[in-house]
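*Asks:* Here it is: the structure, laid out below.
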Amino acid sequence: MQSSNGRHRIGDFEKLQEETSNDNVKNLAYIYGQLGRIKKCQSSISRSTPVLQEKYLGPNHLILTTTYNDIRDVYVNMGEYANALESRKKSLEIQQKSLPPNHPELDTIYNNIGEVYLQVDQYSNALKCYQKALEIQQNSLSPKHPELATTYHNIAAVHDDMDEYSKSLDFHTKSLEIRKKSLPLDNPELVSTYDTIGEVYIRMKDYSKALEFYHNIASVHEDMR
């Protein structure tokens, strides 16, 4: 039944594009992109949407990046990380052709690709993507921007998984310093950073330093009462 619905929508699209203006065709393509998001389980729609959009909008239209990102989410939820990476890379290729080299959208997609690599234990590739995201952010954001803290955290997580605890601590500390200056003391991200650094010290068997960071969490909870 789902496949039949998908074919019906494709047929409707091709019929309507002959009867409407170019702007309306673009709008319809966007709508079908959103249908792909809403009905993620309907793989037939997910497969057909980028084909239709590329046909009527061109291969480098930015709307396609949203569609590829939606399809990536489907594959991640299904545990099909190779397909997820393929969709992310297609999105990146379009954005690289359409956006300035330091555009914030590019650092976001590098972070997202790095996340997928991390999920399949491809640590060197994950690091390359996170470092590329960091390079873009350092050229386009203020030194204390919260997004930098997120990327530092991502890089630290890779080093942590590689048992490179000293490098992990370096990047966690950079993330913490930014979050301490940009977030309220009771912010969950800040509390989580204290907790994560404590866990790294435990893995290093430096229990006194771990306690120091756990005491920081306890102080936050005390202040919230």
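Rule-based calculations on the coordinates, nothing more; no lab input. A quick note: this is a predicted structure, and the numbers were derived from the prediction, not measured. Please note: Cβ atoms are built from the backbone with ideal geometry, for glycine as well, and neighbour counts cover all protein chains shown.
*Asks:* What is the order of Lys209, Lys174, fewest Cβ neighbours within 10 Å to most?
*Replies:* Working: Lys209 15, Lys174 18.
Final ranking by Cβ density, sparse to dense: Lys209, Lys174.
*Asks:* Arranged by the count of other C-beta atoms within 10 angstrom, fewest first, what order do Ser208, Ser98, Ser91 take?
*Replies:* On the way: Ser208 7, Ser98 14, Ser91 25.
So the residues, fewest neighbours to most, are Ser208, Ser98, Ser91.
*Asks:* Considering the options Leu148, Tyr201, His159, tell which one lies farthest towards the positive end of the dipole of segment 142-225, charges being +1 on Lys and Arg and -1 on Asp and Glu at the Cβ, about the Cα centre.
*Replies:* Most positive-ward Cα: Leu148.
*Asks:* Under 1.5 on a/c is rounded, so check that first for segment 121-174, then, if it is not, pick prolate when a/b is larger than b/c and oblate when it is not; a ≥ b ≥ c are the square roots of the alpha carbon gyration tensor eigenvalues.
*Replies:* Details: a/c = 2.94, a/b = 1.49, b/c = 1.97.
The shape class here is oblate.
*Asks:* Please give the Cα centre distance for segment 79-107 versus segment 135-203, rounded to the nearest Å.
*Replies:* Segment 79-107 and segment 135-203 have Cα centres separated by 24 Å.
*Asks:* While we're looking at this one, here's another question. Which order do Arg203, Arg179 fall in if you start with the one that has the fewest other Cβ atoms within 10 Å?
*Replies:* Ranked by crowding around the Cβ, least crowded first: Arg203, Arg179.
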